[in-house]
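To keep things clear, I will list the structure first and then write my remarks on it.
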Amino acid sequence: MAADTSTAVDLAALAAIADAAAHHGHAIPQFTNDHELSVADAYTIQSMSIDRRLERGERLVGVKMGLTSRAKMQQVGVDEVIWGRLTDAMRVPEGGILSLDGYVHPRLEPEIAFLLDRPLAGDVSGAEAMSAVGAVAAAAEVIDSRFENFRFSLPDVIADNSSSSGFVLGDWRSPDTPIDNLGIVLERNGRPAEVGSSAAILGNPVRSLVEASRMVADAGLALEAGWIVLAGGATAAIPLEAGDALRVVVEHLGAVTVTVAA
Ligand code: OOG
Ligand code: MG
């Protein structure tokens, strides 16, 4: 790696590049090809790039956890849990049509979503985390790395807001619904493309919420009442092609569908 160690990295300039790539849907070289970035630098870039979205009028609506399952870690070759910020503009309506305009090389993965009705911050137990949850739902996430060939290192993907791009939420269910071992099927055009279990998410998706509370606190933030937390994909993500009909079915939680524009 030809890292530039002689001069301080301009984190704001990299944030502007990450934001423009996400905004216009174009691929960029990995930041770590040319810059030595720590994980802390990468979260600063993420925060600064999201600030640019907020300045354009978007609103923070929650966070997504990433790389919380072996399947996801293996698919992208990064084996650390990460998080990213979700804004209202990323919401894709359930049952809606997704245009591929503005994406680089989007993929879709099954998710479980938490809706918080109380704030959560710092180190909490699983029971404390669940007591802040107002509802749970089946969900799907559209991820889209802005890096060429969907290849990145840990600091790259964090700086790129953990590939956040879009999310689809199913109907909210009672937080009393057990979610520790639910069968998950991701269907493409009526056929199963990926099959898994919610147990693949850190052993129990609640652990992902505990991690979210802890990791977000490291950035000086708290999870707020009304926010959504995505627990992370339980299976590998699949590439989206024009005309695809995608459906995520989660046992006891229901299904979400999205169709890619032809
Ligand atoms: C990174 C984002 C990971 C998940 O659920 O694991 C993620 C990526 O795969 O590009 O969203
Ligand atoms: Mg995800």
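The values are calculated or read from the model by the stated rules, or taken from the named source; none is laboratory data. A quick note: this is a predicted structure, and the numbers were derived from the prediction, not measured. Glycine gets a Cβ as well: all are built from the backbone with ideal geometry, and neighbour counts include every protein chain shown. What goes into the accessible areas is simple: the full protein's heavy atoms, side chains included, and nothing from ligands, DNA or RNA. Shrake-Rupley method; radii C 1.70, N 1.55, O 1.52, S 1.80 Å.
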Project the alpha carbons of the stretch 1-134 onto their principal axes and report the range along each, largest first, in whole Å. 49, 38, 33
Accessible area expressed per residue, the stretch 1-134, with surrounding protein chains retained (probe 1.4 Å, Å²): 46 Å²
Loop-resident sites, the stretch 54-84, for GluC sites (Glu not before Pro), counting at most 14 other Cβ within 10 Å (DSSP): Glu80
Distant-in-sequence amide H partners of Ile28 (H built 1.01 Å from N, under 5 Å): Phe147, Glu148
Distant alpha-carbon pairs in the stretch 165-256 (separation over 23 angstrom), percent: 30 percent
Of the heavy-atom accessible surface of the chain (probe 1.4 angstrom), what whole percent is carbon and sulfur? 49 percent
Two-decimal Rg to Rh for the stretch 75-230 - Kirkwood Rh, Cα set: 0.94
Just order 225-235, 111-121 by mean Cβ neighbour count inside 10 Å, highest at the front, would you? 225-235, 111-121
Given all pairs of different Cα atoms, what value in angstroms does the Kirkwood hydrodynamic radius of the chain take? 18.2 Å
With unit charges on the beta carbons (Lys and Arg positive, Asp and Glu negative) and the dipole taken about the Cα centre of the stretch 24-63, which residue among Leu54, Ile28, Ala42 sits farthest to the positive side? Leu54
Sort the following peptides by mean Cβ neighbour count (other Cβ atoms within 10 Å, averaged over residues), highest first: 143-150, 11-18. 143-150, 11-18
I need the Kirkwood Rh of the stretch 127-211: take the reciprocal of the average 1/r across all distinct C-alpha pairs and report it in angstrom. 15.0 Å
Which whole-number percentage describes the relative contact order of the stretch 1-137, with Cα contacts under 8 Å and a sequence gap of 6 or more? 21 percent
Which of Val210, Val136, Asn149 sits closest to the plus end of the dipole of the chain, meaning its Cα is farthest towards the positive end, when Lys and Arg get +1 and Asp and Glu get -1 on the C-beta? Val136
Magnitude of the charge dipole, the chain, Cβ model with Lys/Arg +1 and Asp/Glu -1, debye to 20: 460 debye
Net charge of Cβ neighbours under 12 Å - reference Asp244; Lys, Arg +1; Asp, Glu -1: +2
Using Cα pairs closer than 8 Å and at least 6 residues apart in sequence, work out the relative contact order for the stretch 145-262, in percent. 26 percent
Using only Cα atoms and rounding to the nearest 10 degrees, what angle (0 to 90) does helix 39-55 make with the longest principal axis of the chain? 80 degrees
With the contact rule set at Cα under 8 Å and sequence spacing of 6 or more, what percent relative contact order holds for the chain? 27 percent
Please give the calculated 222 nm ellipticity per residue for the chain, where each DSSP H segment of at least 4 residues contributes -39500 (n - 2.57) and the sum is spread over every residue; nearest 500 deg cm²/dmol? -7500 deg cm²/dmol
Would you kindly derive the ³J(HN,Hα) couplings of the stretch 18-29 from the backbone phi angles with the Karplus curve 6.51 cos²θ - 1.76 cosθ + 1.60 (θ = phi - 60°), listing them in order in whole Hz, with x for Gly and Pro? 4, 5, 5, 5, 6, 5, 9, x, 10, 7, 10, x
Share, in percent, of DSSP beta bridges within the stretch 80-210 that are antiparallel, nearest 5: 95 percent
Could you size up the charge dipole of the stretch 1-131 around its Cα centre, putting +1 on the beta carbon of Lys and Arg and -1 on that of Asp and Glu, and report it in debye to the nearest 20? 360 debye
Give the ranking of Arg107, Arg91 by solvent-accessible surface, highest area first, calculated with a 1.4 Å probe. Arg91, Arg107
